[in-house]
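The values are calculated or read from the model by the stated rules, or taken from the named source; none is laboratory data. Predicted model, so just to flag it, every value in this text is computed and none were measured. All Cβ positions, even for glycine, are placed from backbone atoms using ideal geometry, and neighbour counts span all protein chains on display. These accessible areas exclude ligands, DNA and RNA; they are computed on the full protein's heavy atoms, side chains included. Shrake-Rupley method; radii C 1.70, N 1.55, O 1.52, S 1.80 Å.
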Amino acid sequence: MKTKKNQKLFYRAIILILLIAFAILAYILFFILPKGVGVIDSTPTTSGKIKFLFSIYGPGGGKRPYFNKPMSVATDRDKNIYISDTGNNRICVFDSKGAFLFEFGERGVAHPEPGLKSNWKPGKFNFPYGIDVDSETGNIFVADMHNKRIQVFDGGGKFLDWFPKGPYGGTAPDIYPTDLAVSNGKVYLCNPYQVVIFDTEGKFIKDFGMPGSGNGQFDRPNGIDVGSDGTIYVSDCNNLRLQAFTPDGKHKWTIGKKTGIEMKQGREFGLPRNIAVGPDGNIYLSDAFHFQIKVFSPTGQKLAQMGKRGSEGGTFNYPNGVEVTHDKTIYVADKENNRVQAIQLDGFVIEK
């Protein structure tokens, strides 16, 4: 009898140990490690000319497992994906398959309302918007919009520096950056009515532009990138157009002028947002109000417009950020769907 009783106690102890081990493992999987929901759907599908590859909805674990209004996306030489998770005031990094790697950042306010104190420290954000990776150094540049600065991190997310640390010497009293692009040792950013250029160390180089709707003027530009020949492309958001400039800031061409005739015939853009220059030299633009990705040649010729409103793979709900890799994978920060999609477009790209 005593032996049977001991066996029962032994089995109960084993079961208790297993239950405790299972509880610890579940805690690790659900609260410490990402759950693998980063790639929420990796079954290739098509929507018209859009080939859907996969969607990322967030790290999948921790206190903030999902994105909250992601605004921008960038990639590095290893095809890792960097996402401005704007509503969560952080940057999330994934590999090329959508597996979560790491994140950094939390809310910190450098310019509080009157009567409140600043709680900003290096590496904290207040509405991080544009993001890009320097192809030479691997450093990450983030447009920390409401904190009125650019923050710089190394490839592992370690804070390095921020700028400008005072009046920057340009046309406007300070910067209020939306999108940015890093190219050939320079940082190009969209200010409310200018394009501002710094070097990657934060030294002011020049700015150009002023408020207005004429050529070379801006109204809340929200997208910028630079071609291989130095041409600067700017999504002039509130003017509903795309402008191109020479490397020294002289106007080259404009698409989508907001004229009376065009208003009657239908506008080219609903609301142009971020842009990216692809490996083919073409300009890829997200049109938030038309729920499309539009593609233009370096001379401004329209090549494609693809997409529709929806939540399925290959459809969009107010797309914002866009990035194009050398294998022509396009990443779209699909803001109101709280995801970043990886897609490809078929049947239109002009090969060089």
Filtered residues of segment 288-311 (kept if open to solvent by 70 Å² or more (accessible area, probe 1.4 Å) and either in contact with a strand residue (DSSP E or B) (Cβ under 7 Å, 6 or more places away or on another chain) or within 15 Å of LEU345 (Cβ to Cβ) (or both)): LYS302, GLN305, LYS308, ARG309
message: Kindly evaluate ILE40 against the criterion of being loosely packed, with under 13 Cβ neighbours inside 10 Å, modelled with pLDDT under 85 and of a type in the set (A, V, I, L, M, F, W, C).
response: no
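Conditions (1) among the hydroxyl-bearing types (Ser, Thr, Tyr); (2) over 10 Å from ILE224 (Cβ atoms); (3) under 20 Å from the mean Cα position of the chain (by Cα), marked per residue:
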{"residue": "TRP162", "(1), (2), (3)": "no, yes, yes"}
{"residue": "LYS165", "(1), (2), (3)": "no, yes, no"}
{"residue": "TYR168", "(1), (2), (3)": "yes, yes, no"}
{"residue": "TYR176", "(1), (2), (3)": "yes, yes, yes"}
{"residue": "ASP199", "(1), (2), (3)": "no, yes, no"}
{"residue": "GLY202", "(1), (2), (3)": "no, yes, no"}
task: Please specify each residue of segment 127-157 satisfying the condition of being open to solvent by 20 Å² or more (accessible area, probe 1.4 Å), within 21 Å of VAL93 (Cβ to Cβ) and either hydrophobic (A, V, I, L, M, F, W, C) or part of a loop (DSSP other than H, G, I, E, B) (or both).
output: PHE127, SER135, GLU136, THR137, ASN139, MET145, ASP154, GLY155, GLY156
query: In this structure, is LYS186 in contact with a strand residue (DSSP E or B) (Cβ under 8 Å, 6 or more places away or on another chain) and within 19 Å of SER228 (Cα to Cα)?
result: yes
query: Which number in (1) open to solvent by 20 Å² or more (accessible area, probe 1.4 Å); (2) among the aliphatic types (A, V, I, L, M); (3) assigned to a loop (DSSP other than H, G, I, E, B) marks the one condition that LEU160 misses?
result: (3)
